[in-house]
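**Q** What follows is a single structure, and I will ask about it in a moment.
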Amino acid sequence: MNSNGVRAQPWYREPWPWILMAGPAIVVVAGLVTFWLAVRSDDGLVLDDYYKQGLAINQTLDRADAAARLGIVAELYLVDGRVRVLLAAAAPGALTLRLAHPTRAGMDQSLELSKVGQGIYEGRLQPLRAGRWHVVLEQRDWRLAGDWIVPAAGALTLGGHAPPPAGAGHSQESKEGKR
């Protein structure tokens, strides 16, 4: 009892000590969860040979330019766990297809596509998770690249040029006519 005749409760029965301890306790739990996530997941964004890859970018750009000069256009389809590539230009030998997830390097796939017909190449894929994938189709001398959203509603076209917007040619002619 205290001097007023009111019986005092033990500290653990009062709400304020618990409210004041809740903040630091939440921070400790959040720190442990963050540590667990950092250890459990792989940071696939940092490359070991980033400097060499930076130097090789010019070769990659040259191969992309070579595909444009050769007029190579490819359409990719996903059919029953297989990828089918229809190639507009002739390409002797096999093709290499790389599918890279933007943030999870462990999900990346690389496969050789074998020729099954005139301009038709196929290969078997592991199941792809839904989301955006970086796609690279290449041979030794050329390279096509693009992004594919899975599940794809249709084909992915690599290479070539997108048609100009409707009326774009008309507006250019009208500008030249006003000069």
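Where a number appears in this text, it was derived from the coordinates with a stated rule and is not lab data. Here the structure is a predicted model, which means the values were calculated and not measured. Please note: Cβ atoms are built from the backbone with ideal geometry, for glycine as well, and neighbour counts cover all protein chains shown.
**Q** Do we have any residue at all in the range 96-111 that's in contact (Cβ under 8 Å) with a residue 24 or more places away in the chain, closer than 26 Å to Ala66 by Cβ and loosely packed, with under 12 Cβ neighbours inside 10 Å?
**A** No, the range 96-111 has no match at all.
**Q** Would you check which residues across the range 126-159 are surrounded by 15 or more Cβ atoms within 10 Å (Cβ to Cβ) and outside any strand (DSSP E or B) and list them?
**A** Leu128, Gln139, Trp142, Ala155, Gly159
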